[in-house]
1. Filtering segment 265-308 down to residues that are in contact with a strand residue (DSSP E or B) (Cβ under 8 Å, 6 or more places away or on another chain) and assigned to a helix (DSSP H, G or I), which residue is nearest to residue 55 (Cα to Cα)?
2. Which members of segment 273-286 meet the condition of being crowded, with 16+ Cβ neighbours inside 10 Å and either more than 18 Å from residue 188 (Cα to Cα) or under 13 Å from the mean Cα position of the chain (by Cα) (or both)?
3. If a residue must be more than 17 Å from residue 406 (Cα to Cα) and surrounded by fewer than 10 Cβ atoms within 10 Å (Cβ to Cβ), how many such residues does segment 368-377 contain?
4. Could you list, ordered by first residue, the pairs with Cβ atoms under 7 Å in which the first is in segment 1-30 and in contact (Cβ under 8 Å) with a residue 60 or more places away in the chain and at negative phi and the second is exposed (fewer than 13 other Cβ atoms within 10 Å of the Cβ) and not in a helix (DSSP H, G or I), at least 6 apart or interchain?
5. Scan segment 431-468 for residues that are at pLDDT below 65 and outside any loop (DSSP other than H, G, I, E, B) and jot them down.
6. Out of all the residues in segment 407-415, is one or more modelled with pLDDT of 85 or more and part of a loop (DSSP other than H, G, I, E, B)?
7. Can you tell me which residues in segment 21-69 are surrounded by 14 or more Cβ atoms within 10 Å (Cβ to Cβ) and outside any helix (DSSP H, G or I)?
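The values are calculated or read from the model by the stated rules, or taken from the named source; none is laboratory data. Being a predicted model, the structure only gives us computed values, none of them experimental. Every residue, glycine among them, receives a Cβ derived from its backbone with ideal geometry; neighbour counts consider all protein chains shown.
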């Protein structure tokens, strides 16, 4: 229903009133027709449940109103027909009157009545028909039930192209009319009823936008040219209403294969001369494939016309979408001339601790804090073997040294997510609990990224080592001690 679509679009301007699902449902219920509110009755905790129930109840009320209207028309037509027959079909009656000479029959004086004309045959009142081959469901298109009893998800009702076909010929020389709301991801405000994700089109990763406000399905001309997609020219042009201007085009693509959730769908998009979103799926395609958009959960539900399978696909947030990925071959370090001139600078492994700096990191403790020492964590035999190996490697590189400090935090292993294996870490939570928090304001991450603009050299030292990047003041080194089954060590 149009009211639900408008409610979703306007709710972004008042986020406090629709902060959670029950609040959204309550606000939506207040705007329904009073009759519909009476039939809905109870409070709803789920927004989607309220929408589905309201659509079903609205269909039932419409069917009931149509039945009442047909019955009134049939009863009024039947009463009018009986009255006309009573007026025009009366036959003259003979009466017997006495006379001086005897009795005789006299017909009453004939009154001139207009010639009787039989009323036109009225259509018989149409009784509610049973679901059959000639009465398919308006929602799913199958027979055997009405739309109010349909268990399939409700189809999105929206603008569809005139004539129902994607490329049906308009009357006369009038160009096709179309509409598209967004052609760039940056134009989409938060909360709009659209979803964007990356899917495969003819085997190529493609940014696809599900837009319930677009009337047709569109494809970017730059994307079509890049992947060698053949376009066809038609006689009549499209007049597309786009943000800020109007676009005229007469190019289409007759057939493309879109893969979503392991199922293949056919699309026939109109070519738009822009370099924004690769493919935009409009209402014509979504109606054909029974699309249901759950904006809150970012889930698209589709029904395959080939297998009849219902798919539910989760779309990641659009901030994770990368329209294109340009990869270049990585140049080896040994082949760079300036690297070969300074072999002592570009080392494969770090030789030890960094040199002394003017500013060194200190660990400031709260007043009256006593040294904290914890027992080592239990480890499996494999972990103990790995621990001994990594301790020896760090001793050889000079990153750690044996310690006799009264401090000591337990060491543990954390699984590496990228390359597998185990990473040696120290549980410094007891030390952090008694450490005075550093009040230095850290720069915002966006500011740091802005400062990288134009930079050509980037460091990956933070990917190779952890605690060895920052050197601690000499008097605070004992506080970094950690305990293991093989002894006490410090950084």
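1. Top of the filtered list is 286.
2. The first filter runs over segment 273-286 and keeps only residues crowded, with 16+ Cβ neighbours inside 10 Å, leaving 274, 276-286.
Listed by number, the residues that qualify are 281, 284, 285, 286.
3. Of the residues in segment 368-377, the ones more than 17 Å from residue 406 (Cα to Cα) are 377.
Filter once more, so that each one left must be surrounded by fewer than 10 Cβ atoms within 10 Å (Cβ to Cβ): none.
Matching residues across segment 368-377 total 0.
4. What qualifies is 12/189; 12/190; 21/45.
5. Of the residues in segment 431-468, the ones at pLDDT below 65 are 458-468.
Of everything in segment 431-468, those that are at pLDDT below 65 and outside any loop (DSSP other than H, G, I, E, B) turn out to be 461, 462, 463, 467, 468.
6. Restricting attention to segment 407-415, the residues satisfying the condition of being modelled with pLDDT of 85 or more are 407-415.
Okay, now just the ones that are also part of a loop (DSSP other than H, G, I, E, B), so 407.
Yes: segment 407-415 contains one or more residues that are modelled with pLDDT of 85 or more and part of a loop (DSSP other than H, G, I, E, B).
7. 32, 44
Per-residue answers, yes or no, for (1) without any contact (Cβ under 8 Å) to a residue 40 or more places away in the chain; (2) crowded, with 18+ Cβ neighbours inside 10 Å; (3) within 44 Å of the chain's Cα centre (by Cα):
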residue	(1), (2), (3)
410	no, yes, no
414	yes, no, yes
417	yes, no, yes
422	yes, no, yes
426	no, yes, yes
